[in-house]
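Read the structure below first, then the notes.
None of the figures in this text is laboratory data; all of them are computed from the coordinates on show. Fair warning: this is a prediction, and the values are worked out from it, not measured in the lab. Glycine gets a Cβ as well: all are built from the backbone with ideal geometry, and neighbour counts include every protein chain shown.
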Amino acid sequence: MGFSKLNLSPVILEGVKAMGYVEPTPIQLRAIPLVLAGSDIIGSAQTGTGKTAAFALPILSKLGEHQPKPRVLILEPTRELAAQVETAIRDFARFTNLRTAVLYGGVGYGRQMDALKAGVDVLASTPGRLLDHMSRGTCSLDQIQYLVLDEADRMLDMGFLPDVRRIVQRCPRQRHTSLFSATIPPEIETLIQWAMRDPKTVEIGARRSPAEGVKHVIYPVSESQKTDLLLELLKQVNYDSVIVFCRTKHGADRAAHTLKRANHAVAVLHSNRTQREREQALQGFREGRYEVLVATDIAARGLDIADVSHVVNYDVPQHPEDYIHRIGRTGRMDNKGDAFTIMVAEDARHVQAIERFISQKIPRVKLEGFDYRYTALFEQDKPGQPAGVTRARGARIRGGYFFAPSRRRR
């Protein structure tokens with residue numbers, strides 16, 4: 001079924017066509033008719049499945065002509081996501097007279113206030129900056145007809161839920177509400193019961209399932225050789241682009257410095273970077289000026305970064321859900337990808353939690369040609385080879401470990 005069969009307005013269909021969209025994704029096929037029919041929805045889908053269009057296209061189709069006060073509010077947990085969603089909506093609505101604006105912290109108020117004063121139909125915002133504008137009297141939500149709570153579990157993790165509640169209370173009771181969340185912890189369930197009316201659930205794919213096109217491996221190593229293994233891994237793997245995930249901002253800075261000294265073109269993304277630095281890092285990585293993006297989990301969800309061939313977990317994520325989101329940056333839209341995780345002894349319980357969460361054992365792999373020092377990790381699962389390691393066609397076994405040739409790209 002093409003977009004023309006979904007009862008979107010002709011002018012929005014023109015925007016869809018101009019962006020090169022041909023066939024709707026599964027979440028778009030299921031969510032768009034529900035939003036057009038006026039049903040509140042709870043949406044869950046893997047990264048890269050077209051979630052923004054799933055709520056934006058039907059909402060834009062129902063707005064009609066420009067009006068001076070905001071009628072659509074989309075709350076996002078981070079500046080990058082807010083800016084990305086606003087850009088997508090502006091593209092979808094390019095053949096209309098609808099106006100959009102984005103509000104987030106870390107920058108001055110001037111341009112944002114000018115946009116609000118000129119009149120906007122759609123607001124994409126982070127909670128904190130929106131509350132700032134509301135307290136200043138520069139933004140009113142009394143005309144909001146459509147409320148979208150995006151990445152709700154991420155907003156919970158970042159402590160934004162009280163702010164979200166304050167914002168929802170300022171919106172009209174009679175409105176349409178969409179909520180998108182990878183998981184539904186009790187706090188989110190409470191928010192749903194309070195903020196939504198008889199919502200319909202749209203779930204595409206299992207929340208615990210990593211993308212099917214991604215190959216996972218774990219590289220056990222001693223703590224003292226962790227950085228050396230990362231450098232050797234990037235030397236041996238023929239990658240197009242790679243995101244290296246670190247647990248902390250300082251760790252990301254250290255890893256980026258090490259990679260730069262090894263002559264890699266590196267960009268850094270974490271919350272201590274200025275907005276300008278973050279935008280330059282993302283744009284340079286998308287355009288290929290940087291081959292490696294070193295980031296914290298700020299880059300794990302939602303950001304529009306296509307064609308990432310490899311993800312490297314330099315630090316094992318402490319929450320299994322974060323593993324799913326990190327590796328979701330590769331293997332998008334049915335493409336192939338590789339997810340490598342560097343594991344030291346103290347990571348063992350986190351790795352076990354990840355494997356339980358995704359219901360699969362991840363193969364432990366030794367990097368061929370790397371001069372390993374002893375680590376107790378190499379003694380696990382004896383006798384025989386480590387659990388999860390199997391022989392594969394064209395692979396070699398040495399010292400009880402599986403040596404898999406890295407996937408090559410031409």
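When only alpha carbons are used to place a centre, region 248-297 and region 344-362 end up 27 Å from one another.
The length gained on full extension between Lys336 and Tyr109, counted as 0.36 nm times the residue separation minus their Cα-Cα distance, comes to 77.5 nm. The order of Val168, Val344, going from fewest to most other C-beta atoms within 10 Å of their C-beta, is Val344, Val168. Listed from fewest to most Cβ neighbours within 10 Å, the set Phe95, Phe3 follows the order Phe95, Phe3. Between the Cα long axis of helix 26-36 and the first principal axis of the chain there is an angle of about 20°, rounded to the nearest 10.
Taking the number of Cβ atoms within 10 Å of each Cβ as an exposure proxy, the fewest-first ranking of His264, His216, His319 is His319, His264, His216. Full extension of the chain between Gln143 and Glu14 yields a length gain of 43.7 nm, computed as 0.36 nm times the residue separation minus the alpha carbon distance.
Estimated purely from DSSP H runs of n ≥ 4, each contributing -39500 (n - 2.57), the mean residue ellipticity at 222 nm for the chain is -10500 deg cm²/dmol once divided by its residues. Rounded, prolate or oblate for region 3-204? Axes are the square roots of the Cα gyration tensor eigenvalues, ordered a ≥ b ≥ c, and the cut-off for rounded is a/c under 1.5. It comes out oblate by the Cα gyration axes.
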